[in-house]
Each structure stands twice: as C-alpha cells, then as structure tokens.
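Report on the following structure.
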Amino acid sequence: MNILIVDDEEVLQDVLTVLIRKEGHHTLSAWSGEEAIEVLEREEIDLVLLDLMLPGMHGMQVLREIRRRQPEQVVIVITAYSSIESAIEAMREGAFHYIPKPFQNEEVLLTIRKGLEQRSLAQENLSLREQLRQRFGFDNIIGKSKPMQQVYDLIRLAAPSKSNILVLGESGTGKELVAKAIHHHSRRSSGPFVTVNSGSMPADLLESNLFGHMRGAFTGAIASKKGLFEIANNGSIFFDEIGNIPLDTQSKLLRVIQEKEFMRLGGIETIKVDVRIIAATNADLEAAVAQGLFREDLFYRLNVIVVNLPPLRRRSEDIPLLAQHFLAQFARENEKPLREIAPRAMQVLLDYHWPGNVRELENVIERAAVLSTGELLDVDLLPSSVRAPESVSLPPPSLPANGIAFKDAVSEYERQIIIKALQACGGVQKRAAELLQVKPTTLHEMMKRLNISSESVATA
C-alpha cells in the first residue's frame with residue numbers, strides 16, 4: 001500500500017517512514033499542503049497521514065481539497081494534544097481518524113491498519129459494482145440472458161441522447177430501474193430525477209403537481225408552489241404508467257414536449273424548462289390510441305426510442321442470479337446467516353411462472369430471509385403459492401349419445417381454454433396470449449369470433 005506522509009518536521013517524517021515501511025508499506029513524503037496535492041495528482045495513494053499544522057496551506061484546507069478531489073481517500077490527521085478540537089473538526093470534514101502528538105507507535109500502526117481496511121472495503125465495493133455493471137447490467141438491474149443484454153445495449157446507446165424514451169413491460173419487470181439507469185448514464189446525470197405516479201391521483205391534482213400553481217388558483221392554494229417539471233429542470237422526469245393520464249392532461253403534456261414551456265395553474269407567466277421525458281407503461285398504447293383513450297400525437301412524441309422489458313418467465317436463466325442477489329441483500333438487511341439456496345428450492349423458483357415478475361421474486365426471497373433460522377434457504381421457506389401454483393385444468397370433453405357437431409364442440413373447447421387462460425392471467429390479454437402461445441392479435445380475433453368479453457370471463 002502507498003502511504004503519503006504530509007509533515008514539515010524532518011524528525012517526524014523519518015520516524016513515520018521507518019515505522020510504516022517495517023509494516024511492509026511504501027511511503028511518499030510531502031513537506032507542505034501544496035506538495036501533497038501535487039503528489040496525490042500523480043501517484044496512486046491508499047492513505048494520507050496529514051499534520052494539521054503546516055506552513056502555507058493549512059492542514060484543514062489541505063483536507064478539504066483532498067476530499068473535493070478524491071472523496072474516497074482515507075485521511076488520518078496528526079495534531080497536538082492542545083488542538084484536539086481541530087482534530088474533531090477535521091473528522092467532521094471527512095477525516096477517517098486522528099492521532100494526537102506525542103503518539104505511541106502501536107497506536108499509529110493500529111489506526112493505519114483500520115484506515116487501510118476501510119480503503120480496501122471501499123475499493124472492493126466499487127470493484128464489485130463495476131463488475132456487476134459491466135457483466136450483468138446497470139446498478140440494480142440484474143440479468144445475463146440474451147433479452148436483458150439487448151436491453152443493456154439499448155440503454156447504453158439511448159442514454160446519452162436527448163430523445164424521449166418509452167419503457168414497456170409488465171408490472172414488476174423493473175421499468176423504474178431502467179428509467180433511473182437511463183438517467184444516470186445520460187448527460188443529465190448530475191440533474192434531478194423526478195418520478196410522477198401518473199395513475200394514482202385525480203386529473204386536477206395531477207396537473208397541480210406537474211405544473212405547479214399560484215396562490216389562490218383554487219380552494220386551498222394558500223401559497224404558490226413549483227411543479228414537478230420545474231423541479232426536474234436540467235434533469236429527467238419519469239412518468240410511471242403514462243397510459244393512465246387523462247386526455248386533458250395529455251394535451252398539456254404534449255405542449256411541454258413540443259414547446260418546452262408551460263404555465264402554472266392560475267398563472268400568466270410562461271416558464272421554460274429543459275427536461276427529458278422517460279415514460280413507462282404496462283398497457284398497449286397503440287390499442288389505447290385506436291380506442292381514443294390516448295392521444296395519437298403524444299404517442300408518437302413518446303414512441304421515439306422504445307425499451308421492451310421481458311417478463312421474468314421469458315428469461316428464466318436470470319432467476320438464479322436474481323435470487324442470489326436478493327438473498328444476499330435481505331440476509332444482510334435482516335442480519336440473518338442465510339448464504340445459499342438449496343438446489344430443490346432453486347428448481348421450484350425456476351419452475352414457477354412469476355406473474356408478478358421480478359418484484360414477486362424479490363418479495364418471496366425477502367419473506368424467506370425474514371423467516372429463516374439457518375444458512376440454507378430450502379423449499380419450506382417458500383410460500384405455498386410458489387411451491388404448488390394453481391394449474392389451468394379443463395374438464396375432459398364429453399360425447400352425447402346422440403352425437404355432436406364436431407365444429408361446435410371444437411369452438412366450445414376453444415372458448416373454455418381461452419376463458420381459463422384469461423382467468424389465470426387476471427384478464428390481461430397479452431399475458432393470456434403468451435400462456436396460449438399465440439399472438440395477442442390472434443387471441444383478440446378468436447375472442448371476437450367466440451363472443452368472449454370481459455364480462456363472460458368474470459362470470460364463467
């Protein structure tokens with residue numbers, strides 16, 4: 001390890017150099033704060049021993065400059081007993097610890113060892129995060145499957161651009177994580193990331209939240225308030241479930257996208273903003289456009305770059321990786337000794353169809369971690385709904401004594417299969433189509449032909 005000693009006293013430099021080299025570390029010397037900054041710029045330093053009393057640039061100034069340039073750097077300050085208050089102030093400024101003069105050699109070595117341990121842990125954490133980012137994705141997006149690799153490639157290409165982005169995927173697939181990854185890998189990463197829960201509030205409240213309001217704009221508006229667009233200026237704004245936004249609000253949102261300006265509710269002043277819009281939905285926006293529920297011009301403004309997130313059942317090879325990730329996370333959070341997942345428990349996880357996607361898997365592992373008492377996550381810690389999921393069963397076809405029209409029998413059987421599939425998927429046609437291994441358009445046509453409606457699915 002490389003340790004930089006910053007002190008203007010030759011005797012102290014010599015004593016510390018001998019002491020540290022006996023521990024097997026390499027030392028570098030700086031006699032002033034200015035020289036210390038120069039050494040840090042050109043050398044890889046693992047720990048800094050910094051005397052607070054220096055000629056020229058004061059030690060506290062040196063510490064602040066080191067923290068500004070290298071926030072992760074471990075700095076141990078050296079101070080006289082008479083200036084312990086300065087040492088405490090230095091720790092508030094980010095110093096790892098302090099050593100009072102005169103010092104005991106063992107005290108110096110112990111503090112250095114602890115500082116280097118801190119440095120190693122920080123570097124290991126950074127290294128692991130970088131490996132995860134390079135191998136399997138961005139931040140908390142985990143996956144090595146081909147569909148996820150395609151998602152990563154698209155994020156890498158799209159993030160630096162200025163274009164609006166539409167993220168499509170079922171509930172629980174991680175759409176907000178993708179939106180955050182896009183923001184943090186964009187040129188706007190230093191700006192704010194603001195989330196709008198589009199479908200969770202009435203239209204008038206949503207508009208007040210988006211655009212802000214002036215005092216007296218409506219009953220209860222006792223003060224002027226900034227909207228989320230203003231707060232997100234020079235950053236990104238994420239619309240979760242954009243398909244749920246009312247049509248009136250959609251037209252105002254379109255104006256912001258086109259003109260990059262808006263007015264607060266009850267205001268007359270035009271406010272300009274520079275915001276990137278990232279929208280997400282689990283709905284079929286094209287179908288919503290066809291039904292008149294979503295503005296076509298807004299759809300085309302959002303549909304510039306589309307990121308399609310696959311459901312977990314389509315990337316089952318990622319389940320072990322995700323399960324281990326959540327296991328480590330929740331074992332740590334709950335201070336549990338859990339270390340691995342039993343092979344038979346992993347097989348149960350692989351066999352399950354995960355209608356709630358990654359979010360459901362996360363909840364299952366969290367529950368198991370909380371209930372666990374040992375180092376192994378076995379089948380008994382999994383909920384019964386995962387161990388023995390309900391299957392779609394159909395009654396065997398019957399043949400009346402007087403016979404039956406074959407075409408009618410086939411149609412009725414098709415009808416039963418489709419209704420069962422829709423019931424199993426909560427009425428979501430896209431998911432039912434996947435279960436039946438047909439295209440959504442094909443399923444829609446079959447439902448029309450067999451006169452299957454949402455009412456008939458509910459009452460069947």
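Where helices (runs of 4 or more DSSP H) sit wholly within region 319-372, those with at least 1 residues that are farther than 21 Å from SER385 by Cβ and under 23 Å from the mean Cα position of the chain (by Cα) occupy 319-333. If you go through region 360-378 and keep only what is modelled with pLDDT under 95 and polar (S, T, N, Q), you end up with SER372, THR373.
Here is the figure for region 104-129: residues that are modelled with pLDDT under 85 and over 16 Å from VAL48 (Cβ atoms) total 7.
I'd like to check something: does region 28-44 contain any residue that is in a loop (DSSP other than H, G, I, E, B) and of a type in the set (A, V, I, L, M)? Checked region 28-44: no residue is in a loop (DSSP other than H, G, I, E, B) and of a type in the set (A, V, I, L, M).
Flag set for THR173, criterion: modelled with pLDDT of 90 or more, within 16 Å of the chain's Cα centre (by Cα), assigned to a loop (DSSP other than H, G, I, E, B) and not acidic (Asp, Glu). Regarding region 183-199, can at least one residue be identified that is closer than 28 Å to GLY266 by Cβ, without any contact (Cβ under 8 Å) to a residue 60 or more places away in the chain, more than 17 Å from the chain's Cα centre (by Cα) and not in a helix (DSSP H, G or I)? Checking region 183-199: at least one residue is closer than 28 Å to GLY266 by Cβ, without any contact (Cβ under 8 Å) to a residue 60 or more places away in the chain, more than 17 Å from the chain's Cα centre (by Cα) and not in a helix (DSSP H, G or I).
Scan region 304-315 and tell me whether some residue there is charged (D, E, K, R), out of contact with any Pro (no Cβ under 7 Å at 6 or more places or on another chain), assigned to a helix (DSSP H, G or I) and over 15 Å from VAL364 (Cβ atoms). No; the residues of region 304-315 include none that is charged (D, E, K, R), out of contact with any Pro (no Cβ under 7 Å at 6 or more places or on another chain), assigned to a helix (DSSP H, G or I) and over 15 Å from VAL364 (Cβ atoms). Against the criterion of being in contact with a Gly (Cβ under 7 Å, 6 or more places away or on another chain) and in the same structural domain as LEU177 (by TED's automatic domain parsing), THR219 does not qualify.
The values are calculated or read from the model by the stated rules, or taken from the named source; none is laboratory data. Because the structure is predicted, anything quoted here is derived from the model rather than measured. Note: ideal-geometry Cβ built from the backbone for every residue, glycine included; neighbour counts use all protein chains shown.
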